Each structure stands twice: as C-alpha cells, then as structure tokens.
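Chemist: Okay, handing you the structure first.
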Amino acid sequence: MTKNEKNSLLIATEIAKIVSSRDLVRSLKNKITRMKTKEVKLDFSDVEFVSRSAVHEFLSLRNQLQKKSWKKKNIEFTNTNESVKEMFRTVAANIAIPKNKRLLEKIEKIDIQTLIKKTSNS
Amino acid sequence: MKTIIVKNEKSDNLIEQFIALYLTLVGVSKNEKVTFDLTDTVWLYPMVILPIASYIIKTKSEFKNSKNDKTKGYLDTIKFPKGINSINEFSLRAQTHKNYVPISALERNKGLEREKLETMFSEMMIKSLGSVKGAESAILYPIGELITNIFEHSNDDLGLVFGQYYPKKSFLDICIVDSGRGLRRAYAEDKNIQVRDDEAIKKVLEGESIKAGKDRGYGVWTSKRMVCEALGGQFILISGSAAFIASQKKQKLLNMPNFYWEGVIISYRIPKPAHKIDITPYLE
C-alpha cells in the first residue's frame, strides 16, 4: 500500500494522475477498510483530472464506508486541484438534486444519401 | 474473402471521413471476414483507421498495406491494427516518435495498467495541443467519460483509442471504438427497452442512462458539449445502423441502411484552443 502518511492514500500512485474508471476507485475499498485509522485522507496531489464517473464512485465509496457499523471510515478528499474540486462539487450537487431528463431540440433527421450529396456539393 | 478497397477521403473534413468509413463498411455482413485493401491510400485519419483496426482485430480480417511508403511507415509507427497495450511500450514509442501517438489497446482485465495507459494517451493529446488554461479539462473530460462507457456498458473487453494532431491544420482528431453490444442492445438487455438504433442514440443524448443510479447518463451529452461548445469542434457517434453528427450550431441524426457497426464509434475534432476555456458551464 502506498501511503504518504499512516492515514492517507496517494491517488496518483494508487491509480493514476488521470482517474477515469469506476472499477479502480472501487478497488480502493479493501485497502481503505484494512487501514487501522478511522479517519482516512484520499490525497489527490499530482492528480490532474478525475472523470465524472470516477468522482461519483469516490462519493459512493465515502458514503458506503461512513455508513458501516463495523470498521467505519470517515473519508476526506485532500489536495484537489481546481478542476477536480469543481467536478466533485458538480457531481455532489447533482446527487443531492438530480437534473431532469433533458429535451433535445433542433436535431435534423437526414438520410445518408442526402448527406453524401450535400457534402459532395459543398 | 471479399476485398474492400479503402479510398482516400476527398478532403480532411470530418464528415468526409465519416462518409469514407460508411462507404468502406456498407454492405459488409455481421462479422464477415474481409481484406481491407489500403494499397492506394495516401493519408488516413483516425476516424477511418481505428474502426478498420477494430474490425480486423474482432473478425481476424486482413489488410493489404499502402504502396505509398509514407503511409505504410505511418501505419507501422502507430502500430496498426493491433496497437499497444503496455505502458512500457507506449512510453518507448512516445520517446522515439514524438508526433505520432500509437493506437492504444485498452484491455478490461488490465485494470491499473489500462488506466495508466489511458493517462499516457491523454497526456500526449494535451501536450500536442499546447498549454491553454482550462483546455486540459475540456480535452480530458470526453476521453475519460467515453472510454469509461466502453468498460461499463459495451460488454467488450477491448477498447481502442487513437489520436493525431495535425500541426499545419491546427486540429486534433480523436477516435474511440469498441466492438461490443452497441447502444440498442444495451438498452434491451439492461433495461428491457426495445428501441431502434437511432432512438437508442437519442436516449443516450437525453441522458437516459443504461445503468441505474444517480448522476449517470451525462457522459456522452456533456462530452459532446465539451467538444462542440467549449472547444468549437465536431463530434460524431455511430452505433448499429445510426449516427449522430454535431457541431457548434447543427445536430443531425441519420440512419444508414445496409450498414451495421456492432458497438460504438466516437470520433471528434478539436481545433487548437486559442483562448482560456472554462468548462464549468458545461458540467451539468
């Protein structure tokens, strides 16, 4: 396990500098559960970007571990850069109050032959 | 075995490439083994190269290389068709060929290595466009979300991603491909919703997630907004017999009879950013 402190996990080392996949975030669960401390810091130093899906998974993981009656963990996200911070805020806000299904406007329906003709004429 | 002659696109326009891909694969039966004849190709763009590479891998089809030495050299450099699946090899290639990023073959079972390979690919893409404040996140968002979709929804164990920056034309082309079950089947199998291919694309754009859960269903739509609105680019998505084409001002949905891509192809073009980009308004 890579730790920069006893109660912290460096995400850039544990996963990568750009974190996209939910499954890799999920895979941190066992490592966090095995940590002896109740307060755990997930350290985002050197992490350049976290995808929306991965942020959602980090929040779900925190929620799951906080609800546990045994080996309960309090997770703190630290050293996040501006874009990572913004992504966490957006996703957390949307979990709290989800947006409605969006209505698509102005989608032109066209068949492929028309597109080919239009493109060759332009 | 049927031979398919791959022709050069008439111009570098992304829609021309889409048409070239359509004309290459129209009439090909499901999983039919073919020979792609690249003999007369002089230049190939990611939107055409990557789906052909994916098709060759899936169906064990064959190809005849270009007779043009430059094109042949390019295809060798990018490791067409199988690509690279290891971070060590990617790193070596990136050092020797600074302007050409190889096809990255992301494998489901490689977990951490897959994520690091995706990181290396993404970093090369950012580097190629230069440093503009905010552009990094706008470029990383679609790559991350669209690759994630492959491993969450497609049921495919392999995703291919490839990008090429054209310094004289000042744009970056990225293509992401899987040969999985496609959007229509994903809705049918996971949500018991029976729709046509074009309706499935529309559902994805409307944010109807294939998987249950809060904050799902944003990936494709927000990626399209990042590409078209934040970065002023073009975005194309193909699944089954339907396609969606979007630019900053126009959106088109089309059916392609006698054409079927089993899986999803996403290709987009980003002009080199000239000014600071704020992605916040696009993060719904």
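Chemist: Calculate the mean, over all residues of peptide A:12-20, of how many other protein chain Cβ atoms lie within 10 angstrom of the residue's Cβ.
Modeler: Values: counts 1, 0, 1, 5, 11, 6, 13, 4, 15.
Mean inter-chain Cβ contacts per residue within 10 Å come to 6.
Chemist: Here's something else I'd like to know. Accessible area of B:L158, 1.4 Å probe, to the nearest 10 Å²?
Modeler: 50 Å²
Chemist: Another question, if that's okay. Treat the protein assembly as shown as a sphere of radius equal to its Kirkwood radius over Cα pairs and apply Stokes-Einstein at 20 °C in a medium of 1.002 mPa s; give the translational diffusion coefficient in µm²/s, rounded to a whole number. Display every interim value, and only then the final one.
Modeler: Working: Rh = 21.9 Å.
Taking Rh from Cα pairs, D becomes 98 µm²/s.
Chemist: Specify the residue with the greatest mean-square fluctuation among A:D111, A:D43, A:D23, computed from a Gaussian network of chain A linking alpha-carbon atoms under 10 Å apart.
Modeler: In this elastic network of chain A, the residue with the biggest mean-square fluctuation among A:D111, A:D43, A:D23 is A:D111.
Chemist: Ignore the peptide's own chain and count Cβ atoms of other chains within 10 Å of each Cβ in B:6-15; give me the average, rounded.
Modeler: On the way: counts 0, 0, 0, 0, 2, 2, 0, 2, 0, 5.
Per residue, the average neighbour count from other chains is 1.
Chemist: Roll a 1.4 Å probe over the protein chains and send me the accessible area per residue for segment A:43-109 in Å². Write out the running numbers ahead of the final one.
Modeler: Values: 3770 Å² over 67 residues.
I get 56 Å² per residue for segment A:43-109.
Chemist: Here's a follow-up. Given A:S45, A:I107, A:V55, which one lies farthest toward the positive end of the charge dipole of chain A, if we put +1 on the Cβ of every Lys and Arg and -1 on the Cβ of every Asp and Glu?
Modeler: About the Cα centre, the residue reaching furthest to the positive side is A:V55.
Chemist: Probe radius 1.4 Å, ligands and nucleic acids left out: which of B:V28, A:V19 has the largest accessible area, and how do the rest follow? Walk me through the intermediate numbers first.
Modeler: On the way: B:V28 20, A:V19 0 Å².
From most exposed to least exposed: B:V28, A:V19.
Chemist: Which of the trypsin sites (Lys or Arg not before Pro) found in segment B:122-171 are loop residues per DSSP with 13 or fewer other Cβ atoms within 10 Å of their Cβ?
Modeler: On the way: sites: B:K127, B:K133, B:K168, B:K169; in loops: B:K133, B:K168, B:K169.
Listed in order of number, the matching sites are B:K133, B:K168, B:K169.
Chemist: Continuing with the same structure: Based on Cβ point charges of +1 for Lys and Arg and -1 for Asp and Glu, what charge dipole magnitude is obtained for the protein assembly as shown about its Cα centre, in debye rounded to the nearest 20?
Modeler: Values: 68 positive and 48 negative charges, 168 e Å.
The dipole of the protein assembly as shown has a size of about 800 debye.
Chemist: List the accessible area buried at the contact between A and B, summed over both sides and calculated with a 1.4 Å probe, in Å² to the nearest 100.
Modeler: Values: alone 8860 and 13280 Å², together 17950 Å².
Buried surface at the A/B interface: approximately 4200 Å².
Chemist: Take A:S27 and A:K118, extend 7 Å from each Cα along the Cα→Cβ direction, and tell me the distance between the two endpoints in nm.
Modeler: Label at A:S27, label at A:K118, 4.5 nm between them.
Chemist: Taking the Cα centre of the protein assembly as shown as the origin and placing charges on Cβ (Lys, Arg +1; Asp, Glu -1), which of B:P271, B:L21, A:N79 is farthest toward the positive end of the dipole?
Modeler: A:N79
Chemist: Now, a different point. Dipole of segment A:8-121, Cα-centred, from +1 at each Lys and Arg C-beta and -1 at each Asp and Glu C-beta, to the nearest 20 debye?
Modeler: Values: 25 positive and 13 negative charges, 137 e Å.
It comes to approximately 660 debye.
Chemist: When all protein chains stay in place, what accessible area (Å², nearest 10, 1.4 Å probe) is found for B:S86?
Modeler: 30 Å²
Chemist: How would B:D156, B:D76, B:D69, B:D198 line up by accessible area, probe 1.4 Å, largest first? Could you put the intermediate results ahead of the total?
Modeler: Working: B:D156 30, B:D76 80, B:D69 130, B:D198 5 Å².
Result, largest first: B:D69, B:D76, B:D156, B:D198.
Chemist: Follow-up question, since we're still on this one. Tell me, what ³J(HN,Hα) does each residue in segment B:230-239 have, in order and in whole Hz, if you take phi through Karplus 6.51 cos²θ - 1.76 cosθ + 1.60 with θ = phi - 60° and put x for Gly and Pro?
Modeler: Result, ordered by residue: 6, 9, x, x, 10, 9, 10, 10, 10, 8 Hz.
Chemist: How big is chain A by the Kirkwood estimate over distinct Cα pairs, in Å?
Modeler: 16.8 Å
Chemist: Which parts of segment B:19-53 would a label at B:Y100 reach, counting a residue when its backbone N lies under 14 Å from a point 7 Å out along Cα-to-Cβ?
Modeler: Under 14 Å, as judged by backbone N against the label point of B:Y100, lie B:42-46 of segment B:19-53.
Chemist: Sticking with this one: For A:R26, what accessible surface area do you get with a 1.4 Å probe? Give it in Å², rounded to 10.
Modeler: Result for A:R26: roughly 110 Å² accessible.
Chemist: Moving on. Residues in segment B:174-212, backbone N under 14 Å from the label point at B:E284 (7 Å along the Cα-to-beta-carbon vector): list them, ranges by number please.
Modeler: B:202-210
Chemist: Using a simple spin-label model with points 7 Å from Cα along the Cα→Cβ vector, what separation in nm is obtained for A:Q66 and B:R196?
Modeler: Computed distance between label sites A:Q66 and B:R196 equals 4.7 nm.
Chemist: Are there residues in segment B:265-284 whose accessible area shrinks by at least 50 Å² when all protein chains are included rather than the chain by itself, and which are they (probe 1.4 Å, ligands and nucleic acids not counted)?
Modeler: Residues losing area: B:L283, B:E284.
Chemist: Roughly how crowded by other chains is peptide B:194-205, in terms of the mean Cβ count from those chains within 10 Å of each of its Cβ atoms?
Modeler: 1
Chemist: Could you list which residues have their amide H under 5 Å from that of B:Q251, counting only those 5 or more apart in sequence or on another chain, with H placed in the peptide plane?
Modeler: A:E108
The values are calculated or read from the model by the stated rules, or taken from the named source; none is laboratory data. None of these values were measured; they are calculated from a predicted model. Backbone-built Cβ (ideal geometry, glycine too); neighbour counts: all protein chains shown. In case anyone asks, the SASA skips ligands and DNA or RNA and just uses the protein heavy atoms, side chains included. Shrake-Rupley method; radii C 1.70, N 1.55, O 1.52, S 1.80 Å.
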